[in-house]
Amino acid sequence: MTSRSASVNRKTGETEVALALTIDGSGVADVATGIGFLDHMLTLFAKHGLFDLSVHAAGDLQVDEHHTAEDVCICLGQALDRALGERRGLIRTAHAYVPMDEALGFVAIDLGGRPYCVVDAAFVTPRAGQLGTDLVAHLFESIAVHGRLNLHARILYGRNDHHKIEALFKALGRALDTATRLDERLGAAIPSTKGVL
């Protein structure tokens with residue numbers, strides 16, 4: 001099987017990001033964004049999705065974490081899109097429930113090429129480590145738009161914001177792991193009645 005991998009480099013006046021993703025990996029992550037909580041979430045995402053992920057980012061953290069976190073997730077979405085190619089033979093849709101102590105997270109995705117994102121999650125604190133909790137929905141949206149996927153994420157319940165966000169990132173990894181798998185019954189067919197994704 002051809003390696004489903006992609007690398008993305010993004011340089012702006014605010015950030016510089018180098019990201020590499022291998023879909024059929026083993027969960028190895030090398031992540032350094034300067035935002036400790038984001039590093040933790042991306043490492044969990046890779047581990048639970050069995051993706052190999054390398055991210056090195058430098059940004060204007062003296063302003064705040066927004067630009068760096070956003071650009072990292074833009075690059076993650078772009079790498080996913082490139083690695084999937086024409087998306088032939090994909091299972092395509094999947095979902096995952098993941099508990100994290102008292103919190104329960106849910107993510108459903110469709111790799112059908114139509115970007116859309118809905119996040120239903122309420123947080124009680126303004127920050128989780130160095131990451132503003134108001135950014136979580138935007139980060140998922142950035143992945144969905146640039147990865148050309150439909151992504152619905154929801155916190156069903158929970159008290160601790162760290163646990164809630166962790167449940168979502170783990171669920172994203174697990175749902176993507178399933179959706180990106182190849183269905184041998186499809187062979188090289190496009191998983192759509194349209195014939196293109």
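We did not get these values from a lab; they are worked out from the coordinates using the rules stated. Model, not experiment: these values are computed from the prediction. Virtual Cβ from ideal backbone geometry, glycine too; neighbours counted across all protein chains shown.
Among the trypsin sites (Lys or Arg not before Pro) in the range 24-131, those placed in a DSSP loop whose Cβ has at most 14 other Cβ atoms within 10 Å are 88. Please give the residues of the range 83-98, grouped as numeric ranges, whose backbone N is less than 15 Å from a label point set 7 Å along the Cα-to-Cβ vector of residue 192. Inside the label zone: 84-93.
Relative contact order of the range 5-179: 27 percent, from C-alpha pairs under 8 Å at least 6 residues apart in sequence. Near the amide H of residue 61, within less than 5 Å, lie no amide hydrogens of residues on another chain or at least 5 residues away, with H placed in the peptide plane. Projecting label points 7 angstrom from Cα along Cα→Cβ for residue 95 and residue 56 puts them 4.0 nm apart.
Could you tell me how many cubic angstrom of Cα convex hull volume the chain has per residue? Walk me through the numbers before you get to the answer.
On the way: hull volume 20.6 nm³, N = 197.
Residue-normalised Cα hull volume stands at 104 Å³.
Angle of helix 136-147 to the longest C-alpha principal axis of the chain, folded into 0 to 90 degrees and rounded to 10: 30°.
Computed from Cα positions, the angle between helix 161-179 and the longest principal axis of the chain comes to roughly 10 degrees.
With each label point set 7 Å from Cα along the Cα-Cβ vector, what nm distance links residue 183 and residue 124? For the pair residue 183/residue 124, the computed spacing is 4.1 nm. With the Cα gyration tensor of the range 1-73 giving a ≥ b ≥ c as the square roots of its eigenvalues, does the rule (a/c under 1.5 for rounded; else a/b larger than b/c for prolate; else oblate) give rounded, prolate or oblate? Oblate is the answer for the range 1-73, as a/c is 1.5 or above yet b/c matches or exceeds a/b.
Please state the charge dipole magnitude for the range 26-124, taken about the Cα centre, from unit charges on C-beta atoms (+1 on K and R, -1 on D and E), reported in debye and rounded to the nearest 20. Write down the numbers at each step before the final one.
Details: 6 positive and 14 negative charges, 127 e Å.
I would put it at about 600 debye.
Computed over the range 95-197, relative contact order equals 40 percent, with contacts defined as Cα pairs under 8 Å that lie 6+ residues apart.
Where the centre of each part is set by its Cα atoms, how far does the range 73-137 sit from the range 165-185, in angstrom? Cα centroid to Cα centroid, the span is 9 Å.
Only helices enter this figure: runs of n ≥ 4 DSSP H residues, each worth -39500 (n - 2.57), summed and divided by the residues of the chain, yield -11000 deg cm²/dmol at 222 nm to the nearest 500. The angle separating the long axis of helix 36-49 from the principal Cα axis of greatest extent in the chain is about 20 degrees.
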